[in-house]
Each structure stands twice: as structure tokens, then as C-alpha cells.
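Report on the structure given below.
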Amino acid sequence: MRPRHWIVGVTALLVLLGLHGAPSAAKPTATDESNEAIYKELELFEHALSIVRSDYVEEPEAKNLIYGALKGMLATLDPYSQFLDPDSYNELKVDTEGEFGGLGIEITIKDDLLTIISPIDDTPAFNAGLLAGDRIVKIDGELTRGITLLEAVKKLRGRPATKVTLTVLREGETELKEFELERAIIKIESIREATLLDDHIGYVRLSDFRERTTQDLEDALKKLKDQAMDGLILDLRNNPGGLLDTAVSVAELFLDRNQLIVSTKGRLRNQNQELRAKVDGLVRQTPLVVLINEGSASASEIVAGAIQDHHRGVIMGTKSHGKASVQTIFPLRDGSALRLTTSKYFTPAGRSIHGQGILPDVEVPFERRTEEDEKADTKAKTQEIFDRVENGKTAEGETPEKKPRDNQLARAVDLLKGIKVYQHKGNHQVVN
């Protein structure tokens, strides 16, 4: 005879799954058939659990068994749905607040391989030369075959000043690369740079989408406007995304009131939403170029997609990552949580870019700089400084012209200069 507590346990699971209640005499629906299938599978689960409890070589802890079952269940859904034990859930909360110990990379499981979405600026991973798209095949010599995201995060994070070795397969190359990195406190600031380039063109590098991102971006844009900014480059390269509501409020800064930013669709009615701009954006009329690459994902793609579909600016760079699903956190009573994919999002034109990415309006492949390029730049900068001193052009308050640091940014500057010239000519009327 089976122990009574297993029957109670299965009943509790059925209640959680919404399968309780008397059977209906009406014609069975698809939901009824689905519920019946769940009943049968739960009997199988109960049988297996009973065998493990009674016959395993050592008595297992009940919590470990349940946690393991939950992890396995969520892992069958998609790479982004996860069961978070209390420690992992706390790590997630720390992550969104903006500070944690680790290497500074955003990762995912792609084609069953642990893959870097993007390295975060000025972190051990970024400084070591890890790139978006790199496949991590070993961590400290252990193969990552079958590893989950949570397991990978636990291996990659750790106390500052401790080291970890990553073995990486880079796209287009056949030999493995090894990187020894030293963990550090990763302090995430969404606004990595906000400055004025030449010809009054503003440049803002946005690294992710966190709780304070919109306010920080708004403050940065106001300062640039005070400096007579009349064109803007928004750099979303290697931005892995973040919070959905932050993506919406960031996009709002560039759009007109009531313009659609993103729509979400799920199984439940409350997951079907149309999220629109609530106000006229702070820089809605400023000429705009948005830079993206394969490391631009999720919230970055929401912003870029909205700007592209409304013809608000020019999207430049290379194809984005292609993550168009929304995860919701469901806290559980013991401090653990479910991170569950609850809906998919679509751009204002109704495009689903999941697995496809956003194609730029102007494709500009990134050109890696060589040591010779860096030396030439340093020499030119030194010469420029001495020339300015000799010519008396370093008067107080004068700021030297800032040059773009890479070919994609240089193309964006050139494009904005052309747009500004065109607009200037369009504002002059021809008088006969």
C-alpha cells in the first residue's frame, strides 16, 4: 500500500496545476484531455519518487528532490525559463540592482552550447577580449555539455580576486582559445558614456536596461541638449537587454505620444498588451542613429525595433541577437522563484524577431583595430596636442574635437552630418 503522504502530495500538485474539482459530465474539451494527461503523468512521477525515497542508497532530502524536479521541468520549456533556488533568486535581484561579483558577461544557451551574448564594458571579460558569440566549451577544464544557465552562473561568479579559466570556441575559427580571468566586483552603470562629438553630435553608450536606466539616460540627454546637441548616436552594441518596462520608457524618449512601442502576446488575456508612449519624447525630433550588433538583445531590440518601424532614426551596424520573449518572475513561499517565459513580443509593425534579429537599415561590419592603428592614433593625438599648444588654441574652456574610436561610430557620425546638411538646405526657401 502506498504511503498516504504521497497521495496528499500528488493532490497538492494537482491543486497547484488547477486540475482539482469534480469531473464534468459535459463533452470533454481540449483542456479536459490535457488535464487527464497530466493526471496520468503525475502517477508516473509519484511512482518514481516513491522508488527513489525507498530504494536509493542513501536517504535523499525531500527539498533536493523537489528542487531537482522543478529544475528539470523548467529546463524542458526553453533556455530562458528557469527554477531559481533562494540563492539564485537573490543573485538575480542583486544583478538587476546593478552590482555583483563575477566576470562581466551575459550568457545564454544557444544550439545546446553555452554562448556569450555580450561582454559588459570595462569588466574582466571585456578587457580579456571575449566577444559576443563566443561558445564557452569548458569552465576550469570541465566541459559545459548539458550545463544549465544557473549552473553556469554559479561557476562563473565568485569572490573577487579569484581566477577562472574559460575555454572558448570562436565563430569562424577551428582552434580553441583559453582565457584566464580574475573575478571582480561588477558595478553596472547603464550609461557608459555620454559626450559631445564634433559638429554638435551627441553620443550615448547604453550598456543595459535596469531600474535607474531611464532616469540616467534622460539626465544625460538634457546635459547634451544644454551643450547645443543637434544630432544623436545611441549605441546599443553589446547591450544584452534587461527590464521590459525600462525598454518601453527608454523608447518613449525618442517617440511621439501614443506611438506603439511594443506588443506582447501570451496564453492569458492579461499577457496581451500594447505598450505605447505616454508623453512626447525629450529628443523626439533630434536626428538619430542607433548602433546595434549581434550582442544587442531583448530590451535593446525592443528599442531598436520601435525606432526602425516608426522611421524615427537609422539603425546601423550588424544584425542583432534575436531574443523576443518576455520572462516573468514568480516568487515562491520558501524564497525560491520561477522565471517563466510568459509572452512573446512584437515590434510596432507586428514583426517577431525571435531567432531572426533586427536587420540594420545600413549594414556596417565592425573592423577590428590593429596595434598599428592604435600607435598611429596615439602619434596623431600627440602631434595634435603640440600643434594646438604652438598655435595657441588651448584657451580656457575650449574642448578638443573628439574623434570616433571605431569604423561603425565613424560611419554614424558621417551619416548624421549628411542628414543635418540635407535638413539645413530644406529649411531654406528658394526665392525667384
Report the residue count in the stretch 225-263 for those that are at pLDDT below 95 and part of a strand (DSSP E or B).
1
When only residues in the stretch 315-331 that are polar (S, T, N, Q) and assigned to a loop (DSSP other than H, G, I, E, B) count, which is surrounded by the most Cβ atoms within 10 Å (Cβ to Cβ)?
Ser320
What is the residue count in the stretch 164-200 for residues that are modelled with pLDDT under 90, surrounded by 12 or more Cβ atoms within 10 Å (Cβ to Cβ) and of a type in the set (Ser, Thr, Tyr)?
1
Quick check on Ile139: is it touching a helix residue (DSSP H, G or I) at 6+ places or on another chain (Cβ under 8 Å), touching a residue at least 24 places away in the same chain (Cβ under 8 Å) and within 19 Å of Lys187 (Cα to Cα)?
no
Scan the stretch 35-55 and report the pairs whose first residue is under 16 Å from Ile66 (Cβ atoms) and whose second residue is modelled with pLDDT under 90 and of a type in the set (Lys, Arg), with Cβ atoms within less than 8 Å and a gap of 6+ or a chain change.
Glu46/Arg2; Ser50/Arg2
Matching entry among Lys278, Lys323 (being over 24 Å from Ala410 (Cβ atoms), at pLDDT below 95 and basic (Lys, Arg)):
Lys323
Would you call Ile116 of a type in the set (A, V, I, L, M, F, W, C) and surrounded by fewer than 14 Cβ atoms within 10 Å (Cβ to Cβ)?
no
Quick one: would you say Ser50 is outside the structural domain of Gly146 (by TED's automatic domain parsing) and farther than 22 Å from Leu150 by Cβ?
yes
From the list Asp122, Asp111, exactly one residue is in the same structural domain as Ala161 (by TED's automatic domain parsing), surrounded by 12 or more Cβ atoms within 10 Å (Cβ to Cβ) and among the acidic types (Asp, Glu). Which is it?
Asp122
One residue from Lys40, Lys110, Lys93, Lys71 being touching an Asp or Glu at 6+ places or on another chain (Cβ under 9 Å) and among the basic types (Lys, Arg)
Lys71
Counting just the residues of the stretch 109-155 that are out of contact with any Ser or Thr (no Cβ under 6 Å at 6 or more places or on another chain) and basic (Lys, Arg), which one comes out nearest to Lys71 (Cα to Cα)?
Lys154
Kindly provide the set of residues from the stretch 352-388 that are modelled with pLDDT under 95, not in a helix (DSSP H, G or I) and not acidic (Asp, Glu), ordered by number.
Ser352, Ile353, His354, Gly355, Gln356, Phe366, Arg368, Arg369, Thr370
Assess whether Ser300 counts as being at pLDDT 95 or above and in contact with a Pro (Cβ under 9 Å, 6 or more places away or on another chain).
yes
Surrounded by 15 or more Cβ atoms within 10 Å (Cβ to Cβ) and aliphatic (A, V, I, L, M): is that true of Ala161 in this structure?
no
If I filter the stretch 264-314 down to residues being of a type in the set (D, E, K, R) and part of a strand (DSSP E or B), which single residue comes out as surrounded by the most Cβ atoms within 10 Å (Cβ to Cβ)?
Arg276
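The values are calculated or read from the model by the stated rules, or taken from the named source; none is laboratory data. Because the structure is a prediction, the values reported are computed rather than measured. Cβ sites come from the backbone with ideal geometry, for glycine too, and all protein chains shown count toward neighbours.
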